[in-house]
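Okay, so here's the structure we're looking at.
The values are calculated or read from the model by the stated rules, or taken from the named source; none is laboratory data. Everything quoted here is computed from the prediction, not taken from an experiment. For neighbour counting, all protein chains shown are included, and Cβ atoms are generated from backbone atoms with ideal geometry for every residue, glycine included.
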Amino acid sequence: MSSSIRRRKLNCPVMICKMNNSDSSIHEINNDSTLRQIDLNLLLVFDVLMQEKNVSRAAERVFLSQSAMSNALKRLREMLEDPILVRGAKGMQPTPRALALEAPVRSILQQVVRTIQPVQPFEPETSRARFIIGMNDYSENIVLPALAACLRQSAPHVELIAHMLTAADPEPLLETGQLSLIIGTEVYSKHSKRLRSENWISDRLVCLVSQNHPLATSQHLNLKQFEELRHVYPSPLGLRMNIVETWLAEQGVQRSIAVTTRSYWVAAQIVSGSDYLLSVPFRVATKLMNHFPLCLLEPPKGFPGFRLNLIWHPIYEGNPETQWVLNQVRKLF
């Protein structure tokens, strides 16, 4: 389009190319020599001319001078190899070619408007969205029931899916939308600096023993007692090294592991019928004590704490669904 047309303000959206999402279609469009020769802004001019069937009124609609609009019509005729509008007894009349193009061109322009309009707000009352949340054993046991109860009230038609995390890098799942977000330890955010991570809640670690254990009446364990006892080690990721092992190594101590399991529930079942010791976050301990004959003991002085993070991909930073469910999680505790 001429420089005079580009300089003036158009009271309509600028026309852009309508593409299919497939790679093959994009490749075909990028290599279509015919398309590269087309000034797509002329389709906007065509639509206004077809509505007004008058060059002067069409120019006023898009804030162009009459000469600029006449020049645009000339270029449009050259592009389509058709007169488009022909002067008749009752003014300018569209040609058969113009009439055939009118509806498809208007449909493309309307599709562009729908595509680039602001993102609609998330409506939890009617949404049927699926939230797939990466969780470890802690967040599944503590957060998932509370979140499910919250969404049952505020978003009764959504689907909530817990995806158990592994030691693998979660970024590809977050980037492609296979995970909405992660509720887990900060180790997951360390895979990539691109991920957004927010400190959420903390929990302290405590010790559990059977109600029949010789130390069941004690309130605290010292480091020597902790070292001498055999332990059941809950490792949701199947890893041997964790914050407890790191802290013990700093004290020059190594604990004796009797059983390793991925489940807090299984670990509690084993400990309730043995003389083993189990170290878990306090919120988990209170739940386990409701189902198994266990006693809570405070760990040795200086024992490490437990922190949970919210992690998501920046590509969904402005996504209403992602931000809504993040806010629901933030309000749980």
### Query
Within the stretch 53-70, which residues are among the charged types (D, E, K, R) and more than 46 Å from the chain's Cα centre (by Cα)?
Lys53, Arg57
### Query
What do you reckon, is Ser139 assigned to a loop (DSSP other than H, G, I, E, B), in contact (Cβ under 8 Å) with a residue 60 or more places away in the chain and within 17 Å of Leu326 (Cβ to Cβ)?
no
### Query
Is it true that Leu248 is over 19 Å from Thr322 (Cα atoms), in contact with a Gly (Cβ under 7 Å, 6 or more places away or on another chain) and of a type outside the set (S, T, N, Q)?
no
### Query
How many residues are in a helix (DSSP H, G or I) and either on the phi > 0 side of the Ramachandran plot or surrounded by fewer than 10 Cβ atoms within 10 Å (Cβ to Cβ) (or both) when one looks only at the stretch 107-122?
1
## Note on the structure
Taking the stretch 291-333 and the residues there that are outside any loop (DSSP other than H, G, I, E, B), over 14 Å from the mean Cα position of the chain (by Cα) and modelled with pLDDT under 95, the one that is nearest to Glu227 (Cα to Cα) would be Gly305
### Message
Out of the residues in the stretch 123-150 meeting the condition of being surrounded by fewer than 18 Cβ atoms within 10 Å (Cβ to Cβ) and hydrophobic (A, V, I, L, M, F, W, C), tell me which one is farthest from Thr286 (Cα to Cα).
### Response
Ile132
### Task
Select the helices (runs of 4 or more DSSP H) contained entirely in the stretch 13-90, then report the ones holding at least 3 residues which are modelled with pLDDT of 85 or more and within 17 Å of Gln110 (Cβ to Cβ).
41-52
#### Entry: Checklist (1) surrounded by 13 or more Cβ atoms within 10 Å (Cβ to Cβ); (2) farther than 20 Å from Asn290 by Cα; (3) free of Cβ contacts under 8 Å to residues at least 24 places away in the same chain applied to Met241, failing item
(1)
### Task
Tell me, please, whether a residue that is among the small types (Gly, Ala, Ser) and either touching a residue at least 12 places away in the same chain (Cβ under 8 Å) or surrounded by 13 or more Cβ atoms within 10 Å (Cβ to Cβ) (or both) can be found in the stretch 209-216.
yes
